[in-house]
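Working notes, structure below.
The values are calculated or read from the model by the stated rules, or taken from the named source; none is laboratory data. All values reported here derive from a predicted model rather than from experimental measurement. No Cβ is skipped: glycine too gets one built from the backbone with ideal geometry, and neighbour counts run over all protein chains shown. The accessibility values were calculated without ligands, DNA or RNA, using every heavy atom of the protein model including side chains. Shrake-Rupley method; radii C 1.70, N 1.55, O 1.52, S 1.80 Å.
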Amino acid sequence: MAPSSAPLLYQPPTELVGKKIHDVFPPDFADYFLNSIQQALLTKKTVKLEYSLPIGDQEVWFEASLATMSENTVVCVARDISERKHMEDQLRQQTENLAQTLQELKQTQAQIIQAEKMSSLGQLVAGVAHEINNPVNFIHGNLSHLEEYTQDLLRIIRHQQQQSGNESEFQALCQEIDLDYIEEDAPRILSSMKVGTQRIRQIVLSLRTFSRMDEAEFKPVDIHESIDSTLMVLQHRLQEKTKLPAIQVIKNYGTLPLVECYGGQLNQVFMNILGNAIDALEEGRRQDSVAVASLRASAEGDSTPDERETIENGQLRMHNLASGLSTPMITIRTSAIDSGWVKIAIADNGIGMSEQIQKQVFNPFFTTKPVGKGTGMGMSISYQIVTETHAGKLECQSTPAEGTEFIITIPIQH
Ligand SMILES: Nc1ncnc2c1ncn2[C@@H]1O[C@H](COP(=O)(O)OP(=O)(O)O)[C@@H](O)[C@H]1O
Ligand SMILES: [Mg+2]
């Protein structure tokens, strides 16, 4: 009865004669074995079994065949298959390892592509900033001289005007060109030009901050400057569009020390989070307008009392919806928490995320956006930059139809 490879667990065959299956085997296996014997007797077919038994301090696997010999006799032949089982396990483990490696390779490849894109964007931005910097500086620098020269010229003209008689040609000329108006308007033009060049200089500065892309060491960074420069690069997406009012950005900046970090990489995180927030706000506005349009459609046409009720309901819902159509908004809050850490929270009142989506938001290649728009890499790369490179935390809180908040916590020093 006992398998030959297990002489230590089970008694010698002579001892087994006359014993019941339950006296020899562990109860669970004995039940299973008896069932199989019954099945063999009933069907008169060979039944195959695979099972393991504790033998010594090991779990030994067997493969057995139960063949019916007569109405109440079966013969069981069992064979030790532990070796095969072991190899199967190894094979399964190797397959799992390979699948894991493949996934990691795919992720690395996508990261390299993304890093490459960000790096070329950085180089492009840096190049543009550099090219604009010189001309704008000389325009800005020369405006003060121009202002001075204009004042001088006007003084000469006024002086000349006083010297010449009322009916002189010079007076007529002054009248013709409307000297009074020029005197009034020229300083205004010059000062608005100064405001303009000042603004371009600021933009150039932001672009330069933004393009600190591949700095390969930890450096003290002004986080607010980084966020502002990223907003600057995204400015065109924040402005009013045909179907979307301008997105309001509320900055709730606390007092932050300089933070030791990879400036360019952190910009990439801000870029990803802010980009997603804008996407969520645009999608929210699109969903609202679809809802309103369907309400409008159902409210049209001749109305029976029944329909009138539907329309009234619809109007009520439209009213509720309209009051819910709040301004698309991004709120950025920063604060220093205790002495060693800073917190940056970026919230939007866009479409939000279901729990199901929230669970996957940091997974590589997870996207809910149409092909060509989403890559699903933004948040997984951001997660890696924050948690691995900067030993920080990146958390996400979200409520469907209300909005989303990403919270970055990073140490001030490394
Ligand atoms: N602010 C947000 N509001 C709503 N959903 C978001 C937000 N940020 C991220 N998500 C969800 O997480 C997914 C993954 O984001 P991400 O990794 O940046 O990839 P992608 O933007 O290319 O889809 C998005 O497709 C979206 O479903
Ligand atoms: Mg994204």
Q: Could you state the accessible area per residue of region 110-210 in Å², with a 1.4 Å probe and every protein chain left in place?
A: 69 Å²
Q) Using a 1.4 Å probe, how large is the accessible area of Thr399, given in Å² and rounded to the nearest 10? A) 60 Å²
Q) Build a GNM of the chain with springs between Cα atoms under 10 Å: which of Arg208, Arg92, Arg333 gets the top mean-square fluctuation? A) Arg92
Q. At 25 °C and 0.890 mPa s, what whole-number value in µm²/s does Stokes-Einstein give for the translational diffusion of region 110-210, with Rh from the Kirkwood sum over Cα pairs?
A. 143 µm²/s
Q: Would you mind telling me which residue in Gln107, Gln248, Gln161 has the biggest mean-square fluctuation in a Gaussian network model of the chain, where springs connect alpha carbons within a distance under 10 angstrom?
A: Gln161
Q) How many Å² of accessible area per residue for region 13-80, probe 1.4 Å? A) 68 Å²
Q | For Glu217, solvent-accessible area (1.4 Å; no DNA, RNA or ligand), Å² | A | 100 Å²
(Q) Among Leu34, Leu121, Leu91, which one shows the highest mean-square fluctuation when the chain is modelled as a Gaussian network with alpha-carbon springs under 10 Å? (A) Leu34
Q. So which helices of the chain fit the span-like rule, where a helix is a whole DSSP H run, its Cα atoms reach 18 Å or more along the axis, and its mean Kyte-Doolittle is at least -0.5?
A. 27-43, 179-210, 263-299
Q: Compute, for Phe33, the solvent-accessible surface of its heavy atoms (probe 1.4 Å) with the complete set of protein chains present, and express it in square angstrom to the nearest 10.
A: 10 Å²
Q | Candidate lysines - alpha carbon under 28 Å from Lys106, same-chain residues fewer than 8 apart omitted | A | Lys117, Lys359, Lys369, Lys373, Lys393
(Q) If I stretch the segment between Thr409 and Asn137 completely, what's the gain in nm (0.36 nm per residue apart, minus their alpha carbon distance), one decimal? (A) 94.1 nm
Q: Express the relative contact order of region 196-248 as a whole percentage, based on alpha carbon pairs under 8 Å and six or more residues apart in sequence.
A: 32 percent
Q.
As an exercise, use a Förster radius of 60 Å and the Cβ-Cβ distance of Glu169 and Glu240 to find the FRET efficiency, rounded to the nearest 0.05.
A. 0.70
Q. Can you list the aspartates and glutamates whose alpha carbon is less than 17 Å from that of Lys44, not counting same-chain residues fewer than 8 positions off?
A. Glu71
Q. Top to bottom by accessible area (1.4 Å), largest first, where do Ile203, Ile407, Ile156 land?
A. Ile156, Ile203, Ile407
Q: Return the carbon/sulfur percentage of the accessible area of the chain, one whole number, probe 1.4 Å, all protein chains in place.
A: 54 percent
Q) Can you give the Rg and Dmax of the chain based on its C-alpha atoms, in angstrom? A) 39.2, 147
